[in-house]
Amino acid sequence: NRNKVADFQKIEWSELFTHRDLFCNTIANRGFAVLTIDTKDSELLQETYHASFPFFAEASPVKSQQTLLFPETPACKGLFGWNQVNPAKELFRFRRHLGSVQQSNQGWWESSGKKKEEGQPPSVLALKSLAYKSFDLLENIVYKSFEILLNGIDMNPQKIFDVHKEPNYHLANPTQTEDAFYPSPFDIFHYFNTREGFSTPNSSEHIDPGFMTVVPCSPTPGLEIFDCSTGKWIAIERFLDPFRDLVIFTGRTAQEITKDIYPGSPHRVAKAYKER
């Protein structure tokens, strides 16, 4: 069913409030929706995409200097920066509000959590300058979209946001709220799609843990999403416009707090004929 023509309606981001009933029903029935953004925002995402390639082309020792691990929860470490997840992919993760976390060996992080720019490779600086703008754009889309979903079932969005934005993690001193971080990340994944990593899945079927995830359509199709209304997988990027269309879907937290009205959306990333 992977190549079956998908039957869905794109929704213009600028008109989302007007089409809020369609959006809410689509998410409730299918678990995902497709939003179309304007040319200016699309160009920002495209510039960020192109800026990632020079960084990912750097040698591993250079990239590994851009890695910061910190105690996210008692059971696991959080990531800010670069990491090669497995033989199939690598990523650069952007986060905000890291408090007093510092990288001891490079002095890469100031006490505010912002990266020092002195001596950093041009590829890092170029990517960072665009990535945070894209982060702002996409996080605003998720925030506003989830607000519409909650209003659609008579839940108070502000109450939900206030609870989940409270500092749940404290990185240096548990009594200091300024040392907590807001856990929403912006990930730029690089899938190699090479013979060496062929036996390792790009991304196996899973449901994200948070409220919502938004994925800009890549020029190299790979995202596959499960349509809850049909019980079939859709290779959705085959039917979308790169950078102009966004796939937005719900996670486990959204499913839990809405008591299954908005289901968590299973998705995966398939192999492709070239890097993604």
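The values are calculated or read from the model by the stated rules, or taken from the named source; none is laboratory data. Worth saying up front: this structure is predicted, and the values here are computed from it rather than measured. Glycine also receives a Cβ, built like all others from the backbone with ideal geometry; neighbour counts cover every protein chain displayed. Note: accessible area is taken over every heavy atom of the protein model, side chains too, but ligands, DNA and RNA are not part of it. Shrake-Rupley method; radii C 1.70, N 1.55, O 1.52, S 1.80 Å.
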**Item:** Single residue of ILE257, ILE234, ILE261, ILE207 found to be under 28 Å from HIS50 (Cβ atoms) and either open to solvent by 40 Å² or more (accessible area, probe 1.4 Å) or among the aliphatic types (A, V, I, L, M) (or both)
**Value:** ILE234
**Request:** Using the structure shown, decide if GLU118 is more than 16 Å from the chain's Cα centre (by Cα), surrounded by fewer than 17 Cβ atoms within 10 Å (Cβ to Cβ) and at pLDDT 70 or above.
**Result:** no
**Item:** Which listed residue is under 29 Å from ASP38 (Cβ atoms), open to solvent by 40 Å² or more (accessible area, probe 1.4 Å) and aromatic (Phe, Trp, Tyr), from PHE243, PHE239
**Value:** PHE239
**Prompt:** Within region 150-165, can one find any residue that is of a type outside the set (A, V, I, L, M, F, W, C), in contact with a helix residue (DSSP H, G or I) (Cβ under 6 Å, 6 or more places away or on another chain), open to solvent by less than 40 Å² (accessible area, probe 1.4 Å) and modelled with pLDDT under 90?
**Reply:** yes
**Prompt:** Of the residues in region 31-60, how many are farther than 30 Å from THR258 by Cα, open to solvent by less than 50 Å² (accessible area, probe 1.4 Å) and either free of Cβ contacts under 8 Å to residues at least 60 places away in the same chain or small (Gly, Ala, Ser) (or both)?
**Reply:** 3
**helices (runs of 4 or more DSSP H) enclosed by region 19-86 - at least 3 residues per element that are aliphatic (A, V, I, L, M) and out of contact with any Pro (no Cβ under 7 Å at 6 or more places or on another chain)** = 20-30
**Complete:** Scanning region 121-135 for residues that are surrounded by 17 or more Cβ atoms within 10 Å (Cβ to Cβ) and either touching an Asp or Glu at 6+ places or on another chain (Cβ under 9 Å) or polar (S, T, N, Q) (or both) gives SER123, VAL124, LYS128, LEU130, SER134
**Request:** Return the only residue of THR213, THR220, THR194 being among the hydroxyl-bearing types (Ser, Thr, Tyr), part of a loop (DSSP other than H, G, I, E, B) and open to solvent by 20 Å² or more (accessible area, probe 1.4 Å).
**Result:** THR194
